[in-house]
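S.K.: Below: one structure in structure tokens.
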Amino acid sequence: MSTLSERPINPVVGEAIPHESASLHVTGEALYTDDLVGRTKDCLHAYPVQVMQAHARITRMDTAPALEVPGVVRVLTAADVPGVNDAGIKHDEPLFPDEVMFYGHAVCWVLGDTIEAARLGAAAVVVETDPLPSLVTVREAIAAKSFQGAQPHMERGDVEAGLDQAAHVFSGELDFAGQEHFYLETHCALALVDENGQVFVQSSTQHPSETQEIVAHVLGRSSSEVTVQCLRMGGGFGGKEMQPHGFAAIASIGAILTGRPVRLRLNRTMDMTMSGKRHGFHAEWRVGFDEEGHLLALDATLTSDGGWSIDLSEPVLARALCHIDNAYWIPNARVNGRISKTNKTSQTAFRGFGGPQGMIVIEDILGRCAPLLGIDAMDLRRRNLYSQGQTTPYGQPVRHPERATAAWDQVIGSGDVTRRCEEIARFNAEHDDVKRAIGMTPVKFGISFNLTAFNQAGALVHVYKDGSVLINHGGTEMGQGLHTKMLQVAATTLGLPLHRVRLAPTRTDKVPNTSATAASSGADLNGGAVKSACEQIKARLLEVAAQTLGISPHDVRIEAGEVRGVAYTSKRISWEELVTTAYFRRVQLFAAGYYRTEGLHWDSSTMQGEPFKYFAYGVAATEVEVDGFTGAYRTRRVDIVHDVGDSLSPLVDLGQIEGGFVQGAGWLTLEDLRWDESDRPSRGRLATQAASTYKLPSFSEMPEIFNVTLLDQAHEDGAVYGSKAVGEPPLMLAFSVREALRQAAAAFGPAGISVDLASPATPEAVYWAVEQARRATEHGHVDEGYPGVVPDQPGIGSHPMQPTSEAYERPVPARV
Ligand code: MTE
Ligand code: MOS
């Protein structure tokens, strides 16, 4: 066992405690960035001038009328940028653009004494434009060959030979939608020039260091002159990895030019129309199976909808390619990736970071092909799971594949799946108008940033003379419970009760050069760093204790704040006494900790290597009931077994699994981003820009029975206290809902019918799937000429009443 993963006796990690801010969250006392405005004197408010055109060149901008509006103090334009006019790291995101790239693009910002003054000022700004042709869907972008960034290619084995050998070959396409983050707290920044003339920005950011870097380059200052703090976020979900930087930069320019603090907070409509979302994709594939239904070869092309700028689209696509195998062994695979450039918000990270977009492709393939192979979908998935000794298409050995099979078998057992499947078969035979099904899907998710350099973290730990402990680390808290875990790690390492340790907000002047809190690796990375800092201090204290107790440092134990010798029960001193003694002996009581994940390498040009420290596994079985008249459905029961290693904080992990699953179910079944694809002036407009039209999961969609179990005996050697990352992987357990809906829809038709399901599988989409099944006349065959089986392509497609000419292809048995 590595020293990193080894736990002392009676550790504080592993205790099921509530989130450190839970009581503050529910009482409303927890402070978020915008709560600081009330505590900040003479604050100005920033309001954007959004141009409502999908694509246009700005020919004239007159800001003078805004200054006539009472309370307007200043209008910020490109001329005000002291450094680089760019909000990104790829120089393709002008902060103040001269070309409108998407419907709602902000072209300048008005500062006012009140938000209302700023709003009226923004309305008074005159912007004249020349419209330009626009691309709104991925299919339009593909047709126009409008791509951006790298076009990765991943290959293993001989795909053509694999397809040649295959007993069954199918091909198909899938279009699936993106997802709005809908964090409760919208983007927010509060900037001021502090008493030393440096810029201080409070920002709702998952990546304070990058916010700092971009603010610095926009201002033409050095990073040391800019400090970014993040108290906490009301949800980030990946949406605050890259997108906060520009908003922080606007507020900072305003603060410098006016000498007053500037607050920039997007309202919900602005947030939804201006900030990036999960990427929707178009996928095309060919797949070959042997007689027994084993995957032999996969050839796929994934095209993501990147929106107007590249943002994080490249790493998101890389992760999609690295997850197209999900938990399945595919001996021969070739996957190509492209990022389309469209006139939409700049799509970005979202929980899973491309992983879900890769995995949906193989789950869709298995779900559509199982009936054509004459194999039950559950069996087909089970028999294709990885086994020991196999590697991923990018060449990484799959360690612990037995955890996926163990979780699978445990779900079958604890979920009573076999008996319920029989019961469902009887139920379906007796009911014509409602059908039930259980969908069961695995998750295998790679943990670490693909880009090796990001896998490092820092921490700063102080022990004060009174024995109290203050920790700082580079990670941000967005509700996921990272701070709770870090407190537990520090208390465990130092041997203290939890209440002796306090955690200070994330600040770039405490811990520099941090990575985004992302890729679910926040606890792994920062936990390693916090542990390292605490160990340095503890090693010094053990020396002091050894001298005091007259024993060897190796024999000193610090447990629950008590210091004693392992073999001596007579003499004990308190932690406080030890700290005081150490201080008077001039022993350093603070330390900077550092952690880097060992054993990673990744070559992005060949898409080969071992980019992940380990895989997180999970399995879910979901039972749904579908109404054949309307397509409406409900989730009757969910059983999940998920691998979090030895949990650092079981209640937090449970919350992450439940929340991730529900958020995934939202993406796959409810949340429907609709962009105006018509040629009307509103082309490119996000039609679903509020909670009234964008359906989020709520209590009423919660499964009636929801059983979540953490996988036993899951110690992860080489990760902090034997734990595993948890943030993103459970989202992908929600494929079980989509597959259950597909199977329930198929139950309305004859046996062996392959059913296509649009994504999101809204009741409307499920209705069309039911119709498709009902119209099926024989094995896999659907009546020709029936128009209803052309489901729209949600998120990138048209309204279902206006089918596009591009037919949504069913997997057609095609011999190669
Ligand atoms: N949970 C909550 N409550 N709120 C969030 O914003 N973000 C998710 C996940 N869980 C999120 C969340 C995402 S996208 C990631 S990458 C991880 O948390 C990040 O935190 P971690 O690395 O500490 O797990
Ligand atoms: Mo999470 S999408 O990696 O912020």
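No value in this document is a laboratory result; all are computed from the given coordinates. Everything quoted here is computed from the prediction, not taken from an experiment. So basically every Cβ, Gly included, is an ideal-geometry build from the backbone, and we count neighbours across all protein chains shown.
S.K.: More than 14 Å apart: what percent of Cα pairs in region 391-466 qualify? Mind showing how you got there, number by number?
M.R.: On the way: 2205 of 2850 pairs.
The answer is 77 percent, as a whole percent.
S.K.: May I ask you to list the lysines whose Cα is less than 24 Å away from that of residue 538, ignoring any residue fewer than eight positions away on the same chain?
M.R.: Qualifying lysines at Cα under 24 Å: 465, 485, 510, 571.
S.K.: Here's something else I'd like to know. Return one quarter of the surface area of the convex hull spanned by the alpha-carbon atoms of region 239-387, equal to its mean projected area, in nm².
M.R.: The Cα convex hull of region 239-387, projected and averaged over all directions, gives 11.0 nm².
S.K.: At most 16 other Cβ atoms within 10 Å and a DSSP loop assignment: could you name the trypsin sites (Lys or Arg not before Pro) in region 34-119 that fit? Before the final figure, lay out the partial values.
M.R.: Values: sites: 39, 41, 57, 60, 74, 90, 119; in loops: 41, 90.
Hits after loop and neighbour filter: 41, 90.
S.K.: Continuing with the same structure: Distance from a point 7 Å along Cα→Cβ of residue 99 to each backbone N in region 680-707: keep the residues under 20 Å and list them by number.
M.R.: 683-685
S.K.: Which value, in nm² and rounded to one decimal, describes the direction-averaged projected area of the C-alpha convex hull of region 669-738? If you can, show how the numbers build up before the last one.
M.R.: Working: hull surface 33.2 nm².
Across all orientations, region 669-738 yields a mean hull projection of 8.3 nm².
S.K.: Could you tell me the extents of the chain's C-alpha atoms along the three principal axes, largest first, rounded to whole Å?
M.R.: Projected onto its principal axes, the Cα set of the chain covers 87, 76, 47 Å.
S.K.: Ok, one more. Label-point separation (nm) for residue 68 and residue 165, each offset 7 Å from Cα along Cα-to-Cβ?
M.R.: Using points 7 Å along Cα→Cβ, the separation is 7.7 nm.
S.K.: For every other residue with a beta carbon closer than 12 angstrom to the beta carbon of residue 548, add +1 if it is Lys or Arg and -1 if Asp or Glu, then tell me the sum. If you can, show how the numbers build up before the last one.
M.R.: Working: positive: 564, 571, 572, 585; negative: 543, 577.
Net local charge, residue 548 excluded: +2.
S.K.: To the nearest 0.05, what FRET efficiency results for residue 598 and residue 153 with a Förster distance of 30 Å applied to their C-beta separation? Can you show the working numbers first?
M.R.: Numbers: r = 28 Å, r/R0 = 0.95.
E between residue 598 and residue 153, to the nearest 0.05, is 0.60.
S.K.: If you take the Cα atoms of region 543-677, find Rg, then find the Kirkwood Rh from the mean of 1/r over all pairs, what is Rg/Rh?
M.R.: Values: Rg = 27.0 Å, Rh = 21.7 Å.
Checking Rg against Rh, the ratio lands at 1.24.
S.K.: Which whole-number percent gives the relative contact order of the chain, counting Cα pairs below 8 Å spaced six or more residues apart?
M.R.: Values: 2099 pairs, mean separation 133.6, N = 816.
Relative contact order for the chain comes out at 16 percent.
S.K.: Run down the lysines and flag those whose C-alpha is under 30 Å from the C-alpha of residue 695, throwing out any fewer than 8 positions away in its chain.
M.R.: Within reach: 240, 277, 341, 344, 435, 444.
S.K.: Please enumerate, by chain and number, the aspartates and glutamates with C-alpha under 19 Å from the C-alpha of residue 41, excluding those fewer than 8 residues away in the same chain.
M.R.: The reachable aspartates and glutamates, counting only those whose Cα sits under 19 Å from residue 41, are 113, 116, 194, 195.
S.K.: A further question on this structure: List the GluC sites (Glu not before Pro) in region 662-765 that DSSP assigns to loop (not H, G, I, E or B) and whose Cβ has at most 15 other Cβ atoms within 10 Å. Which are they?
M.R.: Working: sites: 671, 677, 701, 704, 716, 739, 764; in loops: 671, 677, 704, 716.
In loop regions of region 662-765 (DSSP not H, G, I, E or B), the sparsely surrounded GluC sites (Glu not before Pro) are 704.
S.K.: At most 14 other Cβ atoms within 10 Å and a DSSP loop assignment: could you name the GluC sites (Glu not before Pro) in region 198-299 that fit?
M.R.: 291, 292
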